[in-house]
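J.: Structure below; questions to follow.
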Amino acid sequence: MKLSDGAIVELLGLAAVPLSHQTLESALDAICLIAARALPQADGASLTSFETGGPKAAAASSDWARDLDEMQYDEREGPCIDAARTGALFRVRDIASETRWPSYMPRASERGAASMMSIPMTVEAKTIGALNIYSREADAFTAEDFAIAEVIAGHATLASQAAAALQRHRDLADQLQTALSSRPTIEQAKGIIMATKGCGPDEAFAVLREQSQHQNIPLRQIAQELVDRQRRS
């Protein structure tokens, strides 16, 4: 399979997505934009995620593509839902004359979609989502386009996993930073309790922890309130 220079540039851009976006949501949106640009006849792309609560439009290159995704959830039928259910790839050459998915296809046609592809995204034999690519032209996608879309879906799976892992690391770093910045305040609060109750550091910390659990307020907030009261007195 020979890729166009434009498709190669877009595919190479997938590798940088996890590092160039602060949130998983923005990273997935960027993946959809890359997918839509990599195929000349594509007018929109979306990523459907499959969770315990049912399918969800995780990202899209446009509101139009997102709407086409969500209509499948409303009708409880469509290529992306079947891609998740069966792990198969689906290409719809002409939405207006497609007899499969009889509830969804007329609605998609009314919204201007004329052809589409749905490619499952799989990790360790488990389907976690689907890449959906839409066109306003009938029979817009060739067999080569289908193959390129499979490559994009594979890269998108890896990129989305990397973005999710990076987001988890960022969240952990934020939590650690919060803990470190709270430590001096907690130590001050412990000192106040030790001076007031004549107890040791372990007992003082136990008092803070018990109050935190009883009021369902973070321990650092309890400590800050105690320090603030001491300063005002």
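J.: Can you compute the charge dipole magnitude of region 181-232 about its Cα centre, using +1 on each Lys and Arg Cβ and -1 on each Asp and Glu Cβ, nothing else charged? Give it in debye, rounded to the nearest 20.
T.: Numbers: 8 positive and 6 negative charges, 36 e Å.
Its charge dipole is roughly 180 debye.
J.: Quick one: if the Förster radius is 41 Å, what FRET efficiency do Asp74 and Ile217 give, using the C-beta to C-beta distance and rounding to 0.05? Don't skip to the end; give the middle numbers.
T.: Details: r = 42 Å, r/R0 = 1.01.
My answer for the efficiency is 0.50.
J.: So if we plug the beta-carbon distance of Ala143 and Ser109 into 1/(1 + (r/R0)^6) with R0 = 25 Å, what FRET efficiency do we get, rounded to 0.05?
T.: On the way: r = 23 Å, r/R0 = 0.93.
For R0 = 25 Å, the calculated efficiency reads 0.60.
J.: Could I ask something else about it? Ranked from highest to lowest mean number of other Cβ atoms within 10 Å per residue, what is the order of the peptides 66-78, 218-230, 35-47? Before the final figure, lay out the partial values.
T.: Numbers: 66-78: 19.3, 218-230: 16.5, 35-47: 23.5.
Per-residue Cβ counts within 10 Å, averaged per peptide and sorted highest first, yield 35-47, 66-78, 218-230.
J.: Same structure, new question: If I model a spin label as a point 7 Å beyond the Cα along the Cα-Cβ vector, how far apart are those points for Arg37 and Ala195 in nm?
T.: With each label point 7 Å from Cα toward Cβ, the separation is 6.0 nm.
J.: If you don't mind, another one. Between Gln224 and Ala96, with labels modelled 7 Å along Cα→Cβ, what's the label distance in nm to one decimal, could you check?
T.: Placing both labels 7 Å beyond Cα along the Cβ direction yields 6.1 nm.
J.: Order of 136-142, 56-62, 23-29 by packing, highest average Cβ count within 10 Å first?
T.: Working: 136-142: 15.9, 56-62: 21.4, 23-29: 17.7.
So the peptides 136-142, 56-62, 23-29, ranked by packing, come out 56-62, 23-29, 136-142.
J.: For Lys56, give me every one of the aspartates and glutamates with a C-alpha distance below 15 angstrom, ignoring sequence neighbours fewer than eight places off in its own chain.
T.: Correct list for Lys56: Glu25, Asp29, Asp67, Asp69, Glu70, Asp74, Glu75, Glu77, Asp82.
J.: I'd like to compare 109-120, 79-90: which one has the highest average count of other Cβ atoms within 10 Å, and what's the full order after that? Please list the in-between numbers first.
T.: On the way: 109-120: 21.5, 79-90: 19.1.
Going by the mean number of other Cβ atoms within 10 Å, highest first, we get 109-120, 79-90.
Laboratory data are not the source of any read-out in this text; all were calculated from the coordinates shown. Being a predicted model, the structure only gives us computed values, none of them experimental. Here Cβ is always computed from backbone atoms with ideal geometry, including for glycine, and neighbour counts include all displayed protein chains.
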